[in-house]
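Please see the structure below; I have some questions.
Computed from the coordinates by the stated procedures, all read-outs in this text should not be read as laboratory data. Keep in mind that this is a model prediction, so the values were computed, not measured. For neighbour counting, all protein chains shown are included, and Cβ atoms are generated from backbone atoms with ideal geometry for every residue, glycine included.
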Amino acid sequence: MQLFRLTLREYAAPLSGKGAALWGARWNSAGIELIYTAANRSLAMAEVLVHMTFGTVPTDYVMVTINVPDDVSVDVLEKKTLPADWSRFPHTAPTQALGDKFVADGKSCILQVPSVVTAGEFNFLINPHHAEFSRVKIVAIEDFRFDKRLVR
């Protein structure tokens with residue numbers, strides 16, 4: 001499986017969940033490391049764009065392509081099992097608790113979650129402390145140009 005992460009160049013490598021741990025995010029509390037990735041490049045871009053102000057055209061982003069061997073363990077969070085307010089912004093503590101539990105349980109390396117930004121698509125959270133994480137590899141880091149029509 002290939003996963004994608006759009007990030008500032010300085011945070012492209014090595015893969016780390018330290019940024020997510022600093023403040024917490026939808027699927028993790030502060031202090032819990034997770035690497036947020038997307039199923040495709042377009043979703044990775046959309047997930048970043050929702051945090052930008054209009055008129056901002058960043059020039060220092062890169063698209064990171066990540067290879068995950070097919071036999072690396074993946075858990076799936078089904079939308080029907082999520083709290084009623086799972087997609088609310090700002091995110092709520094119950095969704096963070098789900099990601100925190102995923103990390104604490106340590107059963108799988110990756111957790112598939114539904115995207116809030118693009119219904120019907122999926123993000124993948126990687127636990128950098130799981131035993132299988134050493135098999136997850138960056139295969140490309142490429143400059144990324146935002147089309148200016150997206151942010152005007």
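Apply the a/c threshold of 1.5 to the C-alpha gyration tensor of the chain and tell me whether it is rounded, prolate or oblate.
oblate
Here's something else I'd like to know. Treating cross-link reach as a plain straight distance, find the aspartates and glutamates whose alpha-carbon is under 17 Å from the alpha-carbon of LYS148, omitting any fewer than eight places away in the same chain.
Answer for LYS148, where 17 Å is the Cα cut-off: GLU47, ASP60, listed by chain and number.
Looking only at PRO114, PRO94, PRO14, which one moves most when the chain is put into a Gaussian network model with springs between Cα atoms under 10 Å?
It is PRO14.
Show which lysines lie in cross-link reach of LYS79 when reach means a straight Cα distance below 29 angstrom and same-chain residues fewer than eight apart are skipped.
LYS18, LYS101, LYS107, LYS137
Which order do peptides 64-75, 2-13 fall in by mean Cβ count within 10 Å, highest first?
2-13, 64-75
Would you give the gap between the C-alpha center of the stretch 1-21 and the C-alpha center of the stretch 30-52, rounded to a whole Å?
9
Top mean-square fluctuation among VAL117, VAL139, VAL103, Gaussian network model of the chain, C-alpha springs under 10 Å?
Among VAL117, VAL139, VAL103, the largest GNM mean-square fluctuation belongs to VAL139.
Something else now. Grab the beta carbon distance between ALA140 and SER108, set R0 = 25 Å, and tell me the FRET efficiency rounded to 0.05.
0.50
Next question, about the same structure. Which of GLU142, GLU78, GLU33 moves the most in a Gaussian network model of the chain with Cα springs under 10 Å?
In this elastic network of the chain, the residue with the biggest mean-square fluctuation among GLU142, GLU78, GLU33 is GLU78.
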